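Notes follow the structure.
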Amino acid sequence: SGGTMAAESEAQRELQYEQTLMYGRYTQDLGTFAKDEAARLRLQQGHGEEGNPRPRRPSELLEYTQGRCGPCRVCALQCQRFLISKVGEDWVFLILLGLVMALVSWAMDFAIATCLQAQKWMYGGLDTNVLLQYLAWVTYPTVLITFSAGFTQILAPQAVGSGIPEMKTILRGVVLKEYLTLKTFVAKVIGLTCALGSGMPLGKEGPFVHIASMCAALLSRFLSLFGGFYEVSREGWPWGAPLCPPAGVGSGWEACRALGACLGFAASLAPFFPVPGVLFSIEVTSTFFAVRNYWRGFFAATFSAFIFRVLAVWNKDEETITALFKTRFRLDFPFDLQELPAFAVIGIASGFGGALFVYLNRKIVQFMRRQKTINRFLMKKRLLFPALVTLLISTLTFPPGFGQFMAGQLTQKDTLVTLFDNQTWAKQGLSDEFEYLGILEAWRHPRSNVFVTLVVFIVMKFWMSALATTIPVPCGAFMPVFVIGAAFGRLVGESMAAWFPDGIHTDSNTYRIVPGGYAVVGAAALSGAVTHTVSTAVIVFELTGQISHILPVMIAVILANAVAQSLQPSLYDSIIRIKKLPYLPELGWGHHEKYNVRVEDIMVRDIRYITLNCKYRDLQHVLQSTKMKNLPLVESAESMILLGSIERAQVGALLTHQLSPERRLQALRQKALSLDRHRLSVASICFQV
């Protein structure tokens, strides 16, 4: 013991603080001191009190030494620990997360493309009979949507919808049951694949955020089986401090789920656009985002995007790793400064359009809920509503019918490819001055020009997308809104090209209008207005592979956000309000003075409480004088130290149990038995006397 005290005093002398001219310093580096202390403690633990060396095999390895395969298991465990210590478990987790998300995204895209191709094959093979074409065009998506709705409802109803509102709520510290389970993951993946394979105006990005969050949470739980870094205790938090106030997070597993949700946000959009996917995740999570997860999100997103693009090249979908919607706008003079007012008009109009889309989506849901008869009927026939909506939209988009005025045969991907096209479709309002080739033929109609087609497309797709996103299937709204914004920008670009057929004159040079650039600006502006994000500007840059229109895109996105945020909440906050999720949204414009409101200004002060030494009469008085569902429990009326709370129903149940007729009869029997014993004892005493 004397040697130990001497060693400790020596260690204390080694790490002393001394005052210097400018800053104080320690006499030894803290890291070096910690290593020396750890080595000294290990040396002490390696020898017993009598100097005998202890066995060097760790105690936790003793269970693996039993049996015939004991040495092999010990060797495997030691190799695992060595690899984990060298590579780092967080790197392993991020690599696995990126790999799994890339594989899931690629498999889903392959299945969706196969379904869409099958619909085209059925429609093209029946070109001799229009009625059979219509039946094939309508029946195919109706069957897929109905299967998606039924499968999701049976397996996991939590998989319905986008998933971003629920993830925002979870990241705020609220525990939502069954939202990050394997069952919900399977239902979300299969249901989303069928919904998108139907060709309905639905999006993939929002549900993919939910899928990635579930994947990250399940992966972290799987890695926790091996112990070590991901083994979270009841009070522990993975990777340092929590992402958000742990109001509803009761365990380390819940914290791990929140962490998985945060990284899932970043990895969800990675296969499509890795860098803006991380930025979009920060914006969507609104208030709480741990900066320590910033590089983790970028790493997982980059790895996932790399694997996704390599798989596309391997499947011969692409020749090399390139942008998804490659554009070839001119770089020497992409736009003129005189065009900036037109881009600003796109941003302002997109702000109003985004607010109108959110308002229309919410009103459709509220209308269906307020109609009691319709709501009661649809609750009994849950698959009828998605089937009817799909039938209506498919009928209107039938190419030989009304769909010929709105490019009904094009998928969302083909629509974006055509809208981002470099060439001008119409000059001075004439549709026959441009030679339509390939899929561009869908925008041409012999009895109308391209302006009518674009206007009809925008109006019809607008309310169709708002209606389709209310279907109880896994679906999002980002891509439909993105396509509508691109069409609106294309309409403005074609109008500018018609007003200035020879382009805008600058000095001695003449540059023609590029309507595809206007489509890029409109897509970023409208999607940013609906989601209240600015990172959509970076999304279009990575989608198109060009940043030539960076200034117009930023101007339009900022103006669109300014207008939309002053009129309506974001689409995700609107869904949160519709579902009445426990979430506090940000205060809008004109309400900033409410940030100064304190809890004491709105709290109820006259609270009935119960104490540890209260009597039956006190409990009855509290229950009769208040209707509160929870009653606070304090130590005493003098100290008022809060010990916890108890539900009113529990207090009533306890009183009923304690004062029930059975308990009263039991108490009377015990009392009578005690009296008989007393009498017997008194009689024995008298007999002795």
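The values are calculated or read from the model by the stated rules, or taken from the named source; none is laboratory data. As the structure is a prediction and not an experimental result, all values here were calculated from the model. Using ideal geometry, Cβ is built from the backbone for each residue, glycine included, and neighbour counts are taken over all protein chains shown. With ligands, DNA and RNA removed, areas are computed over all heavy atoms of the protein, side chains included. Shrake-Rupley method; radii C 1.70, N 1.55, O 1.52, S 1.80 Å.
What the table shows:
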{"item": "Condition check for Phe265: touching a helix residue (DSSP H, G or I) at 6+ places or on another chain (Cβ under 7 Å) and at pLDDT below 50", "result": "no"}
{"item": "Condition met for Leu135 (closer than 30 Å to Ser574 by Cβ and not assigned by the TED database to the domain that holds Phe402)", "result": "no"}
{"item": "Spans of helices (runs of 4 or more DSSP H) in the range 110-212 with at least 1 residues under 19 Å from Leu396 (Cβ atoms) and aromatic (Phe, Trp, Tyr)", "result": "130-155"}
{"item": "Residue satisfying all of: in the range 625-651; in a helix (DSSP H, G or I) and more than 38 Å from the chain's Cα centre (by Cα); surrounded by the fewest Cβ atoms within 10 Å (Cβ to Cβ) among these", "result": "Ser625"}
{"item": "Within the range 87-124, tally of residues that are among the β-branched types (Val, Ile, Thr) and at pLDDT 85 or above", "result": "4"}
{"item": "Search result, residues across the range 483-512 that are buried (at least 24 other Cβ atoms within 10 Å of the Cβ) and either within 30 Å of Pro165 (Cα to Cα) or modelled with pLDDT under 85 (or both)", "result": "Val483, Ile484, Gly485, Ala486, Ala487, Phe488, Gly489"}
{"item": "Breaking point among (1) open to solvent by less than 10 Å² (accessible area, probe 1.4 Å); (2) at pLDDT below 50, for Gly197", "result": "(2)"}
{"item": "Inter-residue pairs, beta-carbon under 9 Å, first farther than 13 Å from Gly197 by Cβ and in the range 116-128, second open to solvent by 60 Å² or more (accessible area, probe 1.4 Å) and modelled with pLDDT under 85, 6+ apart", "result": "Tyr123/Gln409"}
{"item": "Those residues of the range 413-443 which are assigned to a loop (DSSP other than H, G, I, E, B), open to solvent by 60 Å² or more (accessible area, probe 1.4 Å) and modelled with pLDDT under 75, in sequence order", "result": "Gln428, Asp432, Glu433, Glu435, Leu437"}
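Let's see how each residue does on (1) open to solvent by 20 Å² or more (accessible area, probe 1.4 Å); (2) in contact (Cβ under 8 Å) with a residue 24 or more places away in the chain; (3) more than 12 Å from Phe329 (Cα to Cα); (4) not hydrophobic (A, V, I, L, M, F, W, C):
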residue	(1), (2), (3), (4)
Ala525	no, yes, yes, no
Val530	no, yes, yes, no
Thr536	no, yes, yes, yes
Ile539	no, yes, yes, no
Thr544	no, yes, no, yes
Ile550	yes, no, yes, no
